[in-house]
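The values are calculated or read from the model by the stated rules, or taken from the named source; none is laboratory data. Being a predicted model, the structure only gives us computed values, none of them experimental. Counting neighbours? That spans all protein chains shown, and the Cβs are built from the backbone with ideal geometry, glycine included.
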Amino acid sequence: MDTLLNVAHGFGVALAPINLLYCFIGVFIGTLVGVLPGIGPISAMSLLLPVTLSGTPESGIIMMAGIYYGSMYGGSTTSILVNIPGEAASVVTCIDGHEMAKQGRAGPALGISAFGSFFAGTFALIALMLVAPKLASVAIAFGPAEYFSLMVLGLVVLTFLTQGSMAKALLMACIGVVLGLVGLDSITAQPRLTFGRLELIDGIGLVPVVMGLFGVAEVLINTEQAIRRDIINAKITHLLPSKQDWQASAGPMGRGTILGFFLGILPGGGAVVASFASYALEKRLSKTPERFGNGAIEGVAGPEAANNAAAGGAFIPLMTLGIPPNVVMALLLGAFVIHGLQPGPLMITQNAGLFWGIVASMYIGNLMLLVLNLPMIGMWVQLLRLPYNILFPLIILFTIIGVYCSSNNVFDVYVMIAFGVIGYFMRKLGYEPAPLVLAFVLGPMLENNLRKSLILSQGDLSTFVTRPISAACLIFAVALLIGPLLPALRKKRELVALDEGA
Amino acid sequence: MNDSDNVKFRLNNSELWGGLIGFGLGIFVIRAGLKLKLGTVNDPGSGYVLFYTGILICLFAGTIIVTALTEGGPTFGSRWANARWTKPAIVIACLVAFALALDPLGFLLSSIPLVLLLMRLIDPVRWELAIPVSVLVPAGMWWLLKHALGIQLPSGMFGIG
């Protein structure tokens, strides 16, 4: 009953005209960045982070969340029609989605992708409503040791799932922690690694780091190759899938939803992992696996449902524990912090309107996305024809403006350009930026909780292994660290390793 | 990757250089941690986490160096094979020039040439499209930020903007 009352309260907040407007702007921009290759939700969210300052916390966070799940919808359009993933979670959709389009079945592919996304998004929200308050009540009992171990686990999972060498991913995570510690020590107020620069006293800003590593570096990588787009020119018809399509897709959609939701909750996981896992699962379960790669609708329905369910599930660790499970959620945490809010176990009770308002707005956003992505598909197809040589200078301009607006400081623009160049060379040398950014956000929290737990336990390191939740997290983290040394596990890791940041 | 693109004890082994840079960074972080004071295990100081993170950085960088020396790694040339490396170099040069010009010239006088150069130098856009876009978009953004959001972008020594 309480949940129903809270949901009603949440809809009251979400249906306020200003919040509806922000929600629409969020899902619209989300679809836009999902559709456009070369700019992903991370760049768009960091670009718009300063804009959230102009409204209430509810409006700003509703818009940011909208960009994230909106991009999951939009990404599939580009994958199906152009065979270029609009964002990383839609990579798998290219395989069968584009094949279907080439066979003249772009309509059903787009249709099942949108309906699957809607179904999964709805499920994830209902699960979020039910799971989050319960988990929050459990999380109140978490101490610094549990938080520390959970963050370590999150970082290790992300490095495990990152493409390429695990040593490189761990190195990136450590560098991220160091960068996160630049500025005043939160306990002793001693300046660290500031090199006498006043601008660094408050630390390095999240926005310039993310915009540099993801926005500018992405542009630099893209300018190396002329992007060739093979857009399906035929008129897109029959967006509503047939009865056979529904029959073939129902199972994958259901399985993808559940799998995606749980993978989304896991620290370090997320939409990208979910879509790959769902595709692999459907191929394994199929009686005719040879159809996969040749236009099997199950290969579109499952992953698309999975990535949307994961996008919803990822809100759980952020909202209940205050720990962002991936880079996108780290940016959302940034939005909370900008407004002086700290997500965590107490947020659901202390800021019920905000929490339930965001949840309700996500449902409304899902409905908006259904309208944006089906009847208005023609508009997005036209947008795909916008040449990259016109688009990328504008992306650069918007990143500069976004960074400057976040702090009103030219120094941050320099930081962004520096990280853009560093990010470019990192990618060229096979170092992924995602672990660095997540560690950058978690670094100060990680240090704080480590030092607090050592002070509380009077220097007894066994506190991390005698507390059951902390011990479980550390055991799992250690297993993942030594796992790649075993040949069988290394092979499995290579299969699921992903480019989270694309 | 060709055999000639995978080298072990060679200076153009890109993996080796990646590891060496990481190792150097690790040493720097360890020193910074020591300088800030480690404290004790029951009262960790400001440098405690930095110091141990520095050790981890050295450890992981060391692993990368050993792997590069034992298994070899791609050359710098192969990393940029089939890539138009001059294009990102031009973008970087434009961005550095922009960064140097932003404070003295202000947002409008530095961003209009930046957009125009990027449009013309990478995959050239026609002048009749490049000029209006590079003038109107920065000017429009400046106007929107100043009048709608109340954000003042740098106006430089000429006070333009």
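Would you check if A:VAL207 is more than 9 Å from chain B (Cβ to nearest Cβ) and crowded, with 19+ Cβ neighbours inside 10 Å?
Details: more than 9 Å from chain B (Cβ to nearest Cβ): yes; crowded, with 19+ Cβ neighbours inside 10 Å: yes.
In short, yes.
Going through region B:88-109 one residue at a time, which ones are touching a Leu at 6+ places or on another chain (Cβ under 8 Å) and at the interface with chain A (Cβ under 7 Å from one of its Cβ atoms)?
Listed by number, the residues that qualify are B:PRO88, B:VAL91, B:ILE92, B:LEU95.
Yes or no, residue by residue, for (1) at pLDDT below 85; (2) closer than 30 Å to A:MET376 by Cβ; (3) part of a loop (DSSP other than H, G, I, E, B); (4) among the basic types (Lys, Arg):
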residue	(1), (2), (3), (4)
A:GLY176	no, no, no, no
A:SER186	yes, no, yes, no
A:ASP202	no, no, yes, no
A:MET211	yes, yes, no, no
A:PHE214	yes, yes, no, no
A:VAL219	no, yes, no, no
A:ASN233	yes, yes, yes, no
A:ILE236	yes, yes, yes, no
A:LEU239	yes, yes, yes, no
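Could you tell me which numbered condition B:ARG84 fails, if it satisfies all but one of (1) within 8 Å of chain A (Cβ to nearest Cβ); (2) among the basic types (Lys, Arg); (3) in contact with a Gly (Cβ under 8 Å, 6 or more places away or on another chain)?
B:ARG84 satisfies every listed condition except (3).
Can you work out which of the residues in region B:14-58 that are outside any helix (DSSP H, G or I) and of a type outside the set (S, T, N, Q) is farthest from the other protein chains (Cβ to nearest Cβ)?
Taking region B:14-58 and keeping what is outside any helix (DSSP H, G or I), we get B:37-47.
Filter once more, keeping what is of a type outside the set (S, T, N, Q): B:37-39, B:41, B:43-45, B:47.
Numbers: B:LYS37: 8, B:LEU38: 12, B:GLY39: 9, B:VAL41: 4, B:ASP43: 6, B:PRO44: 5, B:GLY45: 7, B:GLY47: 8 Å.
By that ranking, first place goes to B:LEU38.
Can you go through B:GLY77, B:GLY72 and tell me which one is closer than 19 Å to A:GLY164 by Cα, more than 9 Å from chain A (Cβ to nearest Cβ) and out of contact with any Pro (no Cβ under 8 Å at 6 or more places or on another chain)? Lay out the reasoning, then the answer.
On the way: B:GLY77 fails: closer than 19 Å to A:GLY164 by Cα.
Matching residue, one of B:GLY77, B:GLY72: B:GLY72.
If a residue must be closer than 24 Å to B:LEU102 by Cβ, free of Cβ contacts under 8 Å to residues at least 40 places away in the same chain and surrounded by fewer than 21 Cβ atoms within 10 Å (Cβ to Cβ), how many such residues does region A:382-396 contain? Give the derivation first.
Taking region A:382-396 as the starting set, the residues that turn out to be closer than 24 Å to B:LEU102 by Cβ are A:389-396.
Those still in the list that are free of Cβ contacts under 8 Å to residues at least 40 places away in the same chain too: A:389-390, A:393-394.
Subsequent filtering for residues that are surrounded by fewer than 21 Cβ atoms within 10 Å (Cβ to Cβ) retains A:389-390, A:394.
The qualifying residues number 3.
Out of A:PHE123, A:PHE160, which single residue is out of contact with any Pro (no Cβ under 9 Å at 6 or more places or on another chain) and surrounded by 21 or more Cβ atoms within 10 Å (Cβ to Cβ)? Reasoning before the result, please.
Numbers: A:PHE160 fails: out of contact with any Pro (no Cβ under 9 Å at 6 or more places or on another chain).
Matching residue, one of A:PHE123, A:PHE160: A:PHE123.
So that you can scan it fast, the table gives a plain yes or no per residue for (1) facing chain B (nearest Cβ under 7 Å); (2) more than 27 Å from A:LEU158 (Cβ to Cβ); (3) within 22 Å of the chain's Cα centre (by Cα):
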{"residue": "A:SER406", "(1), (2), (3)": "no, no, yes"}
{"residue": "A:ASN409", "(1), (2), (3)": "no, yes, no"}
{"residue": "A:ARG427", "(1), (2), (3)": "no, no, yes"}
{"residue": "A:ALA434", "(1), (2), (3)": "no, no, yes"}
{"residue": "A:MET445", "(1), (2), (3)": "no, no, yes"}
{"residue": "A:ALA471", "(1), (2), (3)": "no, no, no"}
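Being within 7 Å of another protein chain (Cβ to nearest Cβ), more than 28 Å from A:GLY215 (Cα to Cα) and out of contact with any Pro (no Cβ under 8 Å at 6 or more places or on another chain): is that true of B:THR63 here? Break it down into steps so the answer makes sense when it comes.
Details: within 7 Å of another protein chain (Cβ to nearest Cβ): yes; more than 28 Å from A:GLY215 (Cα to Cα): yes; out of contact with any Pro (no Cβ under 8 Å at 6 or more places or on another chain): yes.
It is true that B:THR63 is within 7 Å of another protein chain (Cβ to nearest Cβ), more than 28 Å from A:GLY215 (Cα to Cα) and out of contact with any Pro (no Cβ under 8 Å at 6 or more places or on another chain).
Any residue that is surrounded by 13 or more Cβ atoms within 10 Å (Cβ to Cβ), more than 10 Å from every other protein chain (Cβ to nearest Cβ) and not acidic (Asp, Glu) - is there at least one of those in region B:125-132?
Taking every residue of region B:125-132 in turn, at least one turns out to be surrounded by 13 or more Cβ atoms within 10 Å (Cβ to Cβ), more than 10 Å from every other protein chain (Cβ to nearest Cβ) and not acidic (Asp, Glu).
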